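A short worksheet on the structure shown next.
The values are calculated or read from the model by the stated rules, or taken from the named source; none is laboratory data. All figures in this text were calculated on a predicted structure; none of them were measured in a lab. We place every Cβ from the backbone using ideal geometry, glycine too, and count neighbours over all the protein chains shown. Protein only, heavy atoms only, side chains kept; ligands, DNA and RNA dropped before computing areas. Shrake-Rupley method; radii C 1.70, N 1.55, O 1.52, S 1.80 Å.
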Amino acid sequence: LAQRFLNAPNFMMHGVRSRSGKMIAERGFWSSRKFNGVTLTLKQADLPPGVRAASRKFVERCGLIGNYHFDLIWPDYAEVYYLEINPRAGGTTDKVTRLGFDEPMLTLAAYGYRPPFELAPPRIPHGRSVVNKRVVVQHMIAAAMGGLTDLDYPGGSRFHQFALSCRDLLFAKASIFEWNDLRGALWYHCRLPRT
């Protein structure tokens, strides 16, 4: 199956389903910027009409257990297009965890390794973006070197793209940084030249 290329924002729906078939948690997230076709920035979002019901039906028919996330594209705020489902932790797991959707702990609960629990309120104010700062730096380098492609969203000049990444580097919340694990965060970010 194939569909035409749509250079548009993505919508992610993360969910976790238990072994008994109960949906433990579901939450929507909006990606307003992409780099190399993958999420660069992420923020909380309400689930579009019909997405929850359609995704639940899909997950139940496939018999998925544990964590999953749907990657959808939403070009005109009217129709939502399916891109893929990842029945695993994915590239946005660090971001949604920072936004209060504790996917690792929910997955342990889905398999019975910890008692069920209520999701805590998001630690990031509604509307504020979460980014992986290391990937933002990679995007800035690509913009400065003229290495952006049609897979980078939104389009615009190299300068505009570079400026957006400067803003995100300064003001967006880091998805992989904890003051109580400063050593681990520095180790991760200092590996930038080798990746």
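Leaving out ligands, DNA and RNA, what percent of the accessible area of segment 1-79 is carbon and sulfur, probe 1.4 Å? C and S atoms contribute 50 percent here. Short to long, the 5 Å bins of the Cα pair-distance histogram for segment 25-177 hold 2, 8, 17, 19, 19, 16, 10, 5, 3, 1 percent of all pairs. Placing dummy labels 7 Å off each Cα toward the beta-carbon, the span from ASN36 to ASN7 is 1.9 nm.
Note on ASP46 and ARG128: their simple-model spin labels are 2.2 nm apart, each label 7 Å out from Cα toward Cβ. Full extension of the segment from ARG158 to GLU79, taken as 0.36 nm per residue of separation minus the current Cα-Cα distance, would add 25.5 nm. For the residue pairs LYS57/LYS95; LYS34/LYS173; LYS22/LYS43, alpha carbon separations beyond 19 Å are given by LYS57/LYS95; LYS22/LYS43. State whether segment 36-108 is rounded, prolate or oblate according to the following rule on the C-alpha gyration tensor (a ≥ b ≥ c being the square roots of its eigenvalues): a/c under 1.5 gives rounded; otherwise a/b larger than b/c gives prolate, and the remaining case gives oblate. It is oblate, given that a/c is not under 1.5 and a/b is not larger than b/c.
Multiplying the residue separation of CYS62 and MET145 by 0.36 nm and removing their Cα-Cα distance gives an extension gain of 25.5 nm. Among the trypsin sites (Lys or Arg not before Pro) in segment 3-87, those placed in a DSSP loop whose Cβ has at most 13 other Cβ atoms within 10 Å are ARG4, ARG19, LYS22. Comparing Cα centroids, segment 56-95 and segment 149-173 end up 25 angstrom apart.
The modelled label-to-label distance between TYR113 and ASN86, using points 7 Å beyond Cα along the C-beta direction, is 1.9 nm.
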